[in-house]
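Structure first, then comments.
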Amino acid sequence: MPAEYLDDEHIRLLMRLPRKQVAWDSSPMDDIFYKTGDKAAEKRHSALEWVVERMGEGEDQLQYFYVNNEGYGYARYCFRFNPRPV
């Protein structure tokens with residue numbers, strides 16, 4: 001199902017996932033899901049599914065992605081979507 005056709009239930013499920021904010025110039029291959037050696041921090045980063053907010057400086061520079069990292073430090077599977085009130 002293309003991301004632009006997500007129904008309300010899928011959007012609700014996506015918006016319940018943990019969120020990670022990244023810089024505008026980041027790439028899906030960047031190591032944003034890392035192991036720190038700190039157990040509390042690793043627990044916060046242990047989810048496999050995330051909503052990644054790619055943030056720029058302008059109001060129009062905000063993008064949302066569903067990401068499944070499959071336990072890797074980078075985005076293994078992802079798609080961009082536009083959140084909306086549901």
Filter the range 65-76 for residues that are of a type in the set (S, T, Y) and surrounded by fewer than 17 Cβ atoms within 10 Å (Cβ to Cβ); the one that is farthest from K20 (Cα to Cα) is Y72
Only one of E49, E57, E70 is without any contact (Cβ under 8 Å) to a residue 40 or more places away in the chain and under 12 Å from the mean Cα position of the chain (by Cα), namely E49
- Just a yes or no: is a residue in the range 3-12 of a type in the set (A, V, I, L, M), at pLDDT below 85, out of contact with any Asp or Glu (no Cβ under 9 Å at 6 or more places or on another chain) and closer than 13 Å to N82 by Cβ? yes
Output for Cβ contacts, cut-off 9 Å, separation at least six or different chains, first residue under 11 Å from R54 (Cβ atoms) and in a loop (DSSP other than H, G, I, E, B) in the range 9-32, second charged (D, E, K, R) and at pLDDT below 95, reads W24/R54; W24/E57; S26/R54; P28/R76; I32/K20
key: A75 vs. criteria part of a loop (DSSP other than H, G, I, E, B), modelled with pLDDT of 90 or more, in contact with a Pro (Cβ under 6 Å, 6 or more places away or on another chain) and over 21 Å from V86 (Cβ atoms)   = yes
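The values are calculated or read from the model by the stated rules, or taken from the named source; none is laboratory data. Being a predicted model, the structure only gives us computed values, none of them experimental. Every residue, glycine among them, receives a Cβ derived from its backbone with ideal geometry; neighbour counts consider all protein chains shown.
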